[in-house]
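Visitor: Have a look at the structure that comes next, please.
The values are calculated or read from the model by the stated rules, or taken from the named source; none is laboratory data. Just so you know, these numbers come straight off a predicted model, no measurement behind them. Counting neighbours? That spans all protein chains shown, and the Cβs are built from the backbone with ideal geometry, glycine included. Only protein heavy atoms, including side chains, enter the accessible area calculation; ligands, DNA and RNA are left aside. Shrake-Rupley method; radii C 1.70, N 1.55, O 1.52, S 1.80 Å.
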Amino acid sequence: MESLSPSLIYQAVEILGENEDASEAEEAQLRALVSEEITVRRLADVIPEAFGMMVAAHLSGAENLSLPDTFSAQDESGAWLAFPLQQEPIFIVAVDIASHIIHNGPRHYLKNIADRSSVLAAVSQALNAGNSLDGTTLGSPSFFGLPASLYQTAE
C-alpha cells in the first residue's frame, strides 16, 4: 500500500473539493499526485466517506448517532470482509481535515466532498423520509474498487 503524507492527502481534498461531481480531469489530477492506480481509487473513495461521517456527526439531532468503525472490501472470491476504519491511513487524516474544514472552511469543500459519501446519502434519505437520527447506528461503507488484500495482514 502506497504511503501518503498528510500534505498529499490535503492536496487530494483540494482537488475533490473544487467540484460537485467527479470528473476525468479530477481523476487525472489525483493520478498526478500518486504513483499507484489503486491509490487514486483510495483517495477518491475514502476521503468522501470520512467527510460524510464528520458532517453526519455534526448534524442537528444527531447527538446519539453511532458512526461506523469499520468498512468493507471484497476479497478475490467476492466475499465482503470488514476492516477497522483506522486501518485505512487516508481515512484517519481525512477525518482530521474534515473536522478542521467544518470549523474553519472552505465550506464548499465540505459540501462537495461529503455529498459523494454513501454514509451521508443514507443519512439524507432517512431525514428526507422524516426519520430521526437520534439513537441511529449507521452501517459501514463498502469500498467496491478496493480489494481486501490491501488491508489483510500476513499471518
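Visitor: When you scan the range 39-46, do you find a residue that is over 25 Å from A126 (Cβ atoms), open to solvent by less than 30 Å² (accessible area, probe 1.4 Å) and among the hydroxyl-bearing types (S, T, Y), even just one?
Guide: Yes: the range 39-46 contains one or more residues that are over 25 Å from A126 (Cβ atoms), open to solvent by less than 30 Å² (accessible area, probe 1.4 Å) and among the hydroxyl-bearing types (S, T, Y).
Visitor: Turning to a different aspect of this structure: Restricting attention to the range 48-78, and to residues there that are under 13 Å from T137 (Cβ atoms), in contact with a helix residue (DSSP H, G or I) (Cβ under 8 Å, 6 or more places away or on another chain) and modelled with pLDDT of 85 or more, which single residue is surrounded by the fewest Cβ atoms within 10 Å (Cβ to Cβ)?
Guide: Taking the candidates together, the pick is D69.
Visitor: State which residue is nearest to L81 (Cα to Cα) when the search covers only the range 123-146 and only residues that are open to solvent by 60 Å² or more (accessible area, probe 1.4 Å) and part of a strand (DSSP E or B).
Guide: Taking the range 123-146 as the starting set, the residues that turn out to be open to solvent by 60 Å² or more (accessible area, probe 1.4 Å) are 125, 127-132, 134, 137, 144.
Still in the list and also part of a strand (DSSP E or B): 137, 144.
Numbers: T137: 19, F144: 11 Å.
The extreme case among them is F144.
Visitor: Within the range 1-38, which residues are closer than 25 Å to D69 by Cβ and either in contact with a Gly (Cβ under 6 Å, 6 or more places away or on another chain) or open to solvent by 70 Å² or more (accessible area, probe 1.4 Å) (or both)?
Guide: M1, S3, P6, Y10
Visitor: Working carefully through the options E20, E14, find the one that is of a type in the set (D, E, K, R), assigned to a helix (DSSP H, G or I) and under 17 Å from S117 (Cα atoms).
Guide: Values: E20 fails: assigned to a helix (DSSP H, G or I).
Testing whether each residue is of a type in the set (D, E, K, R), assigned to a helix (DSSP H, G or I) and under 17 Å from S117 (Cα atoms) leaves just E14.
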